[in-house]
1. Sort the stretch 30-114 into rounded, prolate or oblate with this rule: let a ≥ b ≥ c be the square roots of the eigenvalues of the Cα gyration tensor; rounded if a/c is under 1.5, and if a/c is not under 1.5, prolate when a/b is larger than b/c, oblate otherwise.
2. Most mobile of 17, 99, 108 per a Gaussian network model of the chain (Cα springs, under 10 Å)?
3. For residue 27, which sequence-distant residues (separation of 5 or more, or a different chain) have an amide H within less than 5 Å of its own amide H, given hydrogens modelled in the peptide plane?
4. Calculate for the chain the 222 nm mean residue ellipticity that helices alone would give, adding -39,500 (n - 2.57) per DSSP H run of length 4 or more and normalising by residue count, nearest 500 deg cm²/dmol.
5. Could you tell me which of 41, 24, 82 has its Cα farthest along the dipole of the chain towards the positive end, charges placed at Cβ (Lys, Arg +1; Asp, Glu -1), taken about the Cα centre?
6. Dipole magnitude of the stretch 19-113 about its Cα centre, charges +1 at Lys/Arg Cβ and -1 at Asp/Glu Cβ only, in debye to the nearest 20?
7. Can you tell me what share of the DSSP beta bridges in the chain is antiparallel? A percent to the nearest 5 is fine.
8. Would you mind telling me which residue in 11, 42, 30 has the biggest mean-square fluctuation in a Gaussian network model of the chain, where springs connect alpha carbons within a distance under 10 angstrom?
Amino acid sequence: MGDNPVILFDGECILCNGAVQFIIKHDRKGYFHFAALQSSFGEKLILEHPELSSIDSIILIQNGKIKYESSAALRIAKHLDGWPKLCFVFIMIPKPIRNFFYRLIAKNRYKFFGKNETCMIPSKEIRDRFFLE
């Protein structure tokens with residue numbers, strides 16, 4: 001999987017799985033790779049970076065740097081094809097304000113969108129972009 005950025009997401013969250021599907025649809029070049037936080041890859045990362053264990057967020061690992069919350073979401077948008085790229089303009093909003101709204105949604109994501117009993121299983125066409133173990 002090389003030097004591609006990795007997006008860690010809550011594999012049981014319906015909203016998060018939808019976000020991953022959205023990213024895949026708008027990432028035609030296959031720039032991003034993915035791993036559920038519940039995967040061994042995700043668990044290993046949390047062990048290596050214990051400060052992440054209290055973060056309830058999507059996590060982006062890119063060029064050796066770890067981003068989360070709104071900063072991760074906007075940096076992901078920056079690399080997508082089409083109109084989602086325009087969302088990066090919101091990076092100009094101060095981080096505490098962006099993260100207030102991000103956390104509000106993240107905190108209530110199961111209540112608003114529900115929860116899967118198991119993590120999603122990627123299709124054969126995109127399986128090579130996922131750390132499944």
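The values are calculated or read from the model by the stated rules, or taken from the named source; none is laboratory data. Just so we're clear, the structure is a prediction, and the values are computed from it rather than from any experiment. Neighbour counts run over all protein chains shown; Cβ positions are idealised from the backbone, glycine included. Note: accessible area is taken over every heavy atom of the protein model, side chains too, but ligands, DNA and RNA are not part of it. Shrake-Rupley method; radii C 1.70, N 1.55, O 1.52, S 1.80 Å.
1. Numbers: a/c = 1.57, a/b = 1.21, b/c = 1.30.
Cα axes put the stretch 30-114 in the oblate bin.
2. 108
3. Hits under the 5 Å cutoff: 81.
4. Numbers: 5 runs with 49 residues, N = 133.
The helix-only estimate for the chain comes to -10500 deg cm²/dmol at 222 nm.
5. 82
6. On the way: 15 positive and 7 negative charges, 70 e Å.
Result for the stretch 19-113 is approximately 340 debye, rounded to the nearest 20.
7. On the way: 8 of 13 bridges.
In the chain, DSSP labels about 60 percent of beta bridges as antiparallel.
8. 30
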